[in-house]
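What follows is a single structure, written as structure tokens, with notes after it.
The values are calculated or read from the model by the stated rules, or taken from the named source; none is laboratory data. Here the structure is a predicted model, which means the values were calculated and not measured. No Cβ is skipped: glycine too gets one built from the backbone with ideal geometry, and neighbour counts run over all protein chains shown. These accessible areas exclude ligands, DNA and RNA; they are computed on the full protein's heavy atoms, side chains included. Shrake-Rupley method; radii C 1.70, N 1.55, O 1.52, S 1.80 Å.
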Amino acid sequence: MIQYILGGILASLLGFLFLLKLNGNKKNKKNEIRDECVKSSINGDLRSNGDTDIIIVGAGVAGAALAYTLGKDGRRVVVIERDLAEPDRIVGELLQPGGYLKLIELDLQDCVEQIDSQRVLGYALFKDGKDTRLSYPLEKFHSDVAGRSFHNGRFIQRMREKASTLPNVRLEQGTVTSLLEENGTIKGVLYKTKSGEEINAYAPLTIVCDGCFSNLRRSLCSPKVEVPSCVVGLILENCKLPHQNHGHVILADPSPILFYQISSTEVRCLVDVPGQKVPSIGNGEMAKYLKTMVAPQIPPQIYDSFIAAIDKGSIRTMPNRSMPAAPLPTPGALLMGDAFNMRHPLTGGGMTVALSDIVVLQNLLRPLRNLNDSASLCKYLESFYTLRKPVASTINTLAGALYKVFCASPDRARKEMREACFDYLSLGGVCAEGPIALLSGLNPRPLSLVCHFFAVAIFGVGRLLLPFPSPKRLWIGAKLISTASGIIFPIIRAEGVRQMFFPATVPAYYRSPPVE
């Protein structure tokens, strides 16, 4: 018996010494692997080996805000952006109050400070010499809550700077050329540095936020991009708008014109031109078009500033894109921002959707300690596509529907719908507060959107039938209802009826975090 006991003790001692030796070998092996990682990164192969949790492609509004949000939650984030210089764009300059509330939720509200941003308290609509002012319903909110308008580049730079203050967030300048895939799972990205060196970067999760011109989205979604129109951008200097601190929408022919303050001395003008082609800037056709077709429809208070901006010659154009979210759930990767989902910029809802999506994703990722199980994470993150729908789809649908209603048309029913919309909003009260709460992102409810949209149509029919209905007017009224249905229902169908109106019936709505 004593021999067995002594033998057991000796065996345990030898086993313990063996385990110590084995552990030492493992540590040496890990150091060798780390040395090899550093060496391979010099040779153009940056393997995270646990040093990076998330790679973000793009540092625009979505990418920069996401980098700060995830970094603040303790994630080790690498952001790869093609150009870290201040962007110069003619869109993404108006943040609705709903978006500002999301900015507060993400602790990024100070990014609209020190950039000469302007408070936006509502909209003013102009049509045929008449105008009506629509104020945001801000009574229930803190006095700081309002819309904000600014230079897009200044806003983005402020968010990039704030993200880079976190020790676990690193911004790299480079162009991502492809996603790295292994057995159907995205492992990272291949990117080219400014010097032309190609580097592989690896992380458990890659989030693509490379904007409306994304060259990576086809790997992660089924894009159906429409270009209903192009926008022509001008900056009016030292111009005083008729309604201070309000965006201005002119229901012009053939399509709307926008004005809003982007600094204390500058007003942005965006002229919508239907179709995918615009008059040439180089040969003077654009200046002629703006002076002969657009200028006569501009409010007289800003006419001279508009002409001066044309004469200055700083005219820029950009296509307006619309793309419903159609994700292909892929292990190891996620799409966000304009790379994932776009809508007409008429309502200025793009940044609100992006920031709202970031809040949803942040809440989903918070319970997870690591992201290495790509298959389970992918299944879990399918709930992201459902949870984001009510807000995103409402803003998307409103943008598409309003643009079609606001465009001029020779069709009598479309004309009546346009007139009815302007007069309905001019009634004030619930007729104005409901739609402006939708537009501002303060109450983005799908059912409210549908109710107000058809209330406009019914209001239009009522106008036609008073004081005495006639067969012709009855026929136009029927066409008006049909036209309204033809405008909104295809957009809702593209967004997804079930996810938009009944998200709780979608199984992904109830996904719980994977067990770690």
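Here are the numbers for this structure:
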{"read-out": "Test: residue in the range 441-459 that is in a helix (DSSP H, G or I), in contact with a helix residue (DSSP H, G or I) (Cβ under 7 Å, 6 or more places away or on another chain), among the β-branched types (V, I, T) and farther than 21 Å from P324 by Cα", "value": "yes"}
{"read-out": "Extreme residue, most open to solvent (accessible area, probe 1.4 Å), among residues of the range 320-346 that are over 19 Å from G275 (Cα atoms) and either assigned to a helix (DSSP H, G or I) or among the polar types (S, T, N, Q) (or both)", "value": "D338"}
{"read-out": "Pick from the range 121-131, criterion within 13 Å of E419 (Cα to Cα) and crowded, with 17+ Cβ neighbours inside 10 Å, ranking: nearest to the chain's Cα centre (by Cα)", "value": "L125"}
{"read-out": "Subset of the range 448-463 that is over 19 Å from F501 (Cα atoms) and touching a Leu at 6+ places or on another chain (Cβ under 7 Å) - its residue that is surrounded by the fewest Cβ atoms within 10 Å (Cβ to Cβ)", "value": "V461"}
{"read-out": "Where P469 falls short, out of the listed (1) more than 30 Å from K224 (Cβ to Cβ); (2) in a helix (DSSP H, G or I)", "value": "(2)"}
{"read-out": "Complete set of residues in the range 161-171 that are within 17 Å of P87 (Cβ to Cβ) and either in a strand (DSSP E or B) or at pLDDT below 95 (or both)", "value": "L171"}
{"read-out": "Elements of type strands (runs of 3 or more DSSP E) in the range 41-146, at least 2 residues being at positive phi", "value": "none"}
{"read-out": "Yes/no for D116 being over 30 Å from A420 (Cβ atoms), open to solvent by 30 Å² or more (accessible area, probe 1.4 Å) and within 20 Å of the chain's Cα centre (by Cα)", "value": "no"}
{"read-out": "Identity of the residue in the range 203-232, assigned to a loop (DSSP other than H, G, I, E, B) and over 18 Å from the mean Cα position of the chain (by Cα), that ends up nearest to P327 (Cα to Cα)", "value": "P204"}
{"read-out": "Counted residues, the range 233-247 - those being open to solvent by 10 Å² or more (accessible area, probe 1.4 Å) and within 26 Å of the chain's Cα centre (by Cα)", "value": "3"}
{"read-out": "Subset tally (residues that are under 22 Å from the mean Cα position of the chain (by Cα) and in contact (Cβ under 8 Å) with a residue 24 or more places away in the chain) for the range 141-171", "value": "20"}
{"read-out": "Members of the range 347-373 found to be surrounded by fewer than 20 Cβ atoms within 10 Å (Cβ to Cβ), polar (S, T, N, Q) and touching a Ser or Thr at 6+ places or on another chain (Cβ under 9 Å), listed by number", "value": "Q362"}
{"read-out": "In the range 72-91, the residues that are buried (at least 24 other Cβ atoms within 10 Å of the Cβ) and touching a helix residue (DSSP H, G or I) at 6+ places or on another chain (Cβ under 6 Å)", "value": "V77, V79"}
{"read-out": "Residue check for T175: outside the structural domain of A437 (by the TED database), at pLDDT 95 or above, open to solvent by less than 80 Å² (accessible area, probe 1.4 Å) and out of contact with any Gly (no Cβ under 8 Å at 6 or more places or on another chain)", "value": "yes"}
